[in-house]
Amino acid sequence: MSILERISEPRNVSELSLEERLALVDEIRNRIIEVVHSTGGHLASSLGVVELTVALLSVYSPPDDRIIWDVGHQCYPWKLLTGRADRFHTIRQSGGLSGFPRRDESPFDAFGTGHSSTSISAALGYALARDIKGEDYKVVAIIGDGAMGGGMALEGLNHLGHTGTDMLIILNDNEMSISPNVGAISHHLTRLITDPRYNRIKKDVWNALGKIPSLGERVRNAAHAVTSGLKKTLVTPDTLFDDFGVRYIGPVPGNDLAAITGVLQRVSEISGPVLLHVVTKKGKGFEPAELDATGYHGVSASNGRKRKRETFTAAFSGTMVEMASEDDRIVAITAGMPDGTGLNRFAEEYPDRFFDVGIAEQHAITLACGLAFSGLRPVAAIYSTFLQRALDQVIHDAALQSAPVILALDRGGVVGEDGPTHHGVFDISMLLPLPNIRIGAPRNCAMLEMLLKRAVQFEENPTAIRYPRGEEPAVEFQTPESVEPGIGQLLREGNDVLIIGVGIMAPAALEAAVLLAADNVSAAVYDPIWLKPAPIEEIRSLAEACGRVVIVEDGSVTGGFGSFISSHLHGESVLEIGIPDEFQPHAPREELMQRMGLDPRALAERIGDFVGS
């Protein structure tokens with residue numbers, strides 16, 4: 001029986017010898033690599049925290065002690081060691097384990113995550129509740145160096161320093177989140193880990209500590225000596241964190257199991273707020289991931305499928321470079337996702353017109369407004385689900401002030417295995433009520449290119465263009481000559497029912513119409529192209545001719561485009577089809593669409609029943 005198979009609960013880790021824990025580290029890495037290459041998932045980030053996870057469970061006792069992971073894409077070792085090893089092969093699969101911490105999945109997941117920079121605030125909530133109730137447990141937040149630059153993390157840090165309560169922040173510094181980190185905090189951390197004192201201590205103390213055969217009294221004594229050394233040489237009173245009122249310790253090597261365990265033992269005894277700066281290697285133990293941590297951040301399942309059609313992200317990337325070559329007013333902004341959004345090409349060719357603001361979506365939007373008011377044409381590329389964090393800035397800074405910014409919302413709609421924290425299903429409902437905003441939804445890559453090129457021509461008001469993850473549909477369309485706001489396109493004529501397909505749902509609506517024709521139902525299919533200003537008069541005319549209207553969208557049916565159109569129709573029977581009013585789980589996109597009745601065959605059945613009634 002392997003050591004990993006003997007771990008049925010976290011306390012089993014603390015019962016192992018150092019030699020067994022070192023062997024366990026290797027087993028965990030091998031298991032993660034094996035499963036992720038089959039299921040897909042976040043590989044490099046999880047490989048980097050294996051030693052740190054084992055050390056945490058050697059010192060702390062969850063679920064009594066609260067351990068909170070920021071973002072959560074590095075939680076695979078945690079899941080393996082907290083009673084879920086027998087189900088780990090199901091990670092990110094339908095009905096299986098989530099790829100992120102979830103409170104409803106395990107009592108050891110103290111806080112659900114998926115977006116960044118939340119751990120300090122959540123952990124402080126636990127710590128303050130503990131103090132109010134007179135309870136006795138430890139609270140630890142593990143946050144990456146990229147997430148530390150997020151505004152919410154700094155807000156939590158500010159409040160923690162003010163309260164002075166007992167809490168540990170482990171700053172996991174692997175020099176990147178998804179793409180290499182940027183900003184003053186990243187530079188500050190780089191200065192700390194390149195300090196000659198750190199490298200001297202690492203050589204003289206950490207390596208010696210790692211050679212001790214067991215975690216007995218000698219290791220505790222060595223750890224005490226290490227802590228004393230930290231006080232003299234590594235606790236730097238001029239760090240940013242000391243200014244926040246949080247005691248800084250570090251940097252320490254996070255991939256040295258004995259060293260990080262010994263330091264955690266000592267740090268756990270310190271009162272007040274403490275930040276332990278840990279340096280790890282993203283992709284540790286798997287050479288391809290170590291050499292290309294960005295490429296191995298998220299790994300697709302090895303199912304042999306080859307991409308055949310262009311992706312929306314690739315189309316956006318190419319169009320941005322093309323537009324920038326013709327218009328020097330165009331600038332690009334990303335919130336720490338140049339690779340994910342496809343802006344890496346733009347950054348290479350136009351570095352002076354590219355801004356990676358780090359994990360700071362709110363700042364990204366307001367920065368874009370300032371650039372726009374200075375005569376430039378900023379395009380802010382942000383995942384739909386991450387724009388939720390900047391809704392206030394979209395309203396007050398962009399829409400209210402009529403700023404001509406372009407919001408490129410990648411990952412609109414259901415995204416699949418990353419689950420509810422990443423499904424971009426609320427953007428339509430969020431943005432539709434806003435005055436002074438345009439919203440476009442392209443059905444394929446050609447339409448995305450046309451919408452982008454039209455958007456940069458507007459002299460006022462923000463334009464949001466939302467498009468899905470992955471390849472464009474394998475459906476051929478006649479491309480319109482232009483994409484003027486308030487004008488859509490009739491894709492198929494019909495008499496019995498009008499199907500309005502929003503964005504990526506237009507191809508599905510067209511396929512459903514073909515299926516309906518086999519049952520002698522004549523369905524017209526219409527692509528509005530613009531959700532705001534919507535082509536209301538065109539829709540009214542077509543609706544009056546058909547008598548029945550079905551609106552199909554891959555956004556929330558509550559407050560979505562369907563309800564918006566319904567409010568403008570008079571007397572026609574209307575059926576609104578979209579994402580149900582509940583959070584959708586993780587599963588392949590095709591499976592989720594079928595489950596929600598949004599695939600062509602299910603749409604045909606629902607529309608057929610609607611027409612028959």
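Values quoted throughout were computed directly from the atomic coordinates according to the rules given, and no laboratory measurement underlies them. Bear in mind that the values here come from a model prediction, so they are computed numbers and not experimental data. Cβ placement follows ideal geometry from the backbone for every residue including glycine, while neighbour counts extend to all protein chains displayed.
Taking the convex hull of the Cα atoms, report for the range 1-145 its projected area averaged over all directions, in nm².
Working: hull surface 34.4 nm².
If I average the Cα hull's projected area over directions, I get 8.6 nm².
Counting DSSP beta bridges with both partners in the range 489-612, what percentage is antiparallel, nearest 5?
Values: 3 of 17 bridges.
Given both bridge residues lie in the range 489-612, the antiparallel proportion sits at roughly 20 percent.
Using modelled backbone amide H atoms (1.01 Å from N, in-plane), which distant-in-sequence or interchain residues come within less than 5 Å of Val549's amide H?
Long-range HN contacts for Val549: Leu498, Ser573, Val574, Leu575.
Which is the longest run of the chain containing none of the trypsin sites (Lys or Arg not before Pro) found in DSSP loop states (not H, G, I, E, B) with at most 16 other C-beta atoms within 10 Å? All intermediate terms of the calculation are to be shown ahead of the outcome.
Working: sites that count: Arg103, Lys211, Arg305, Lys306, Arg307, Lys308, Arg309, Arg329.
Between exposed loop sites, the widest span is 330-613.
Over the range 489-612, one equal point on each Cα, no solvent: what is log10 I(q)/I(0) by the Debye formula at q = 0.10, 0.13 Å⁻¹?
With no solvent term, the Cα-only Debye profile gives -0.26, -0.45.
If you scale each eigenvalue of the Cα gyration tensor by 5 and take the root, what three semi-axes come out for the chain, rounded to whole angstrom and sorted largest first? Walk me through the numbers on the way to the answer.
Numbers: eigenvalues 472, 141, 85 Å².
Semi-axis lengths for the chain are 49, 27, 21 Å.
Which three semi-axes in whole Å describe the equivalent ellipsoid of the range 29-104, each the square root of 5 times a Cα gyration tensor eigenvalue, listed largest first?
Numbers: eigenvalues 76, 39, 24 Å².
Equivalent ellipsoid semi-axes, largest first: 20, 14, 11 Å.
Based on DSSP, what percent of beta bridges with both residues in the chain are antiparallel, to the nearest 5? Working shown, then result.
Numbers: 10 of 66 bridges.
Looking only at bridges with both residues in the chain, the antiparallel portion is about 15 percent.
Rounded to whole Å, give me the distance from the Cα center of the range 544-598 to that of the range 397-474.
Measuring centre to centre over Cα atoms gives 18 Å.
Once you've got the Cα coordinates, tell me which of Lys133/Lys284; Lys138/Lys284; Lys138/Lys281; Lys79/Lys532 are over 32 Å apart. Show your work: numbers first, answer last.
On the way: Lys133/Lys284 41 Å; Lys138/Lys284 28 Å; Lys138/Lys281 26 Å; Lys79/Lys532 44 Å.
Result: Lys133/Lys284; Lys79/Lys532 exceed 32 Å.
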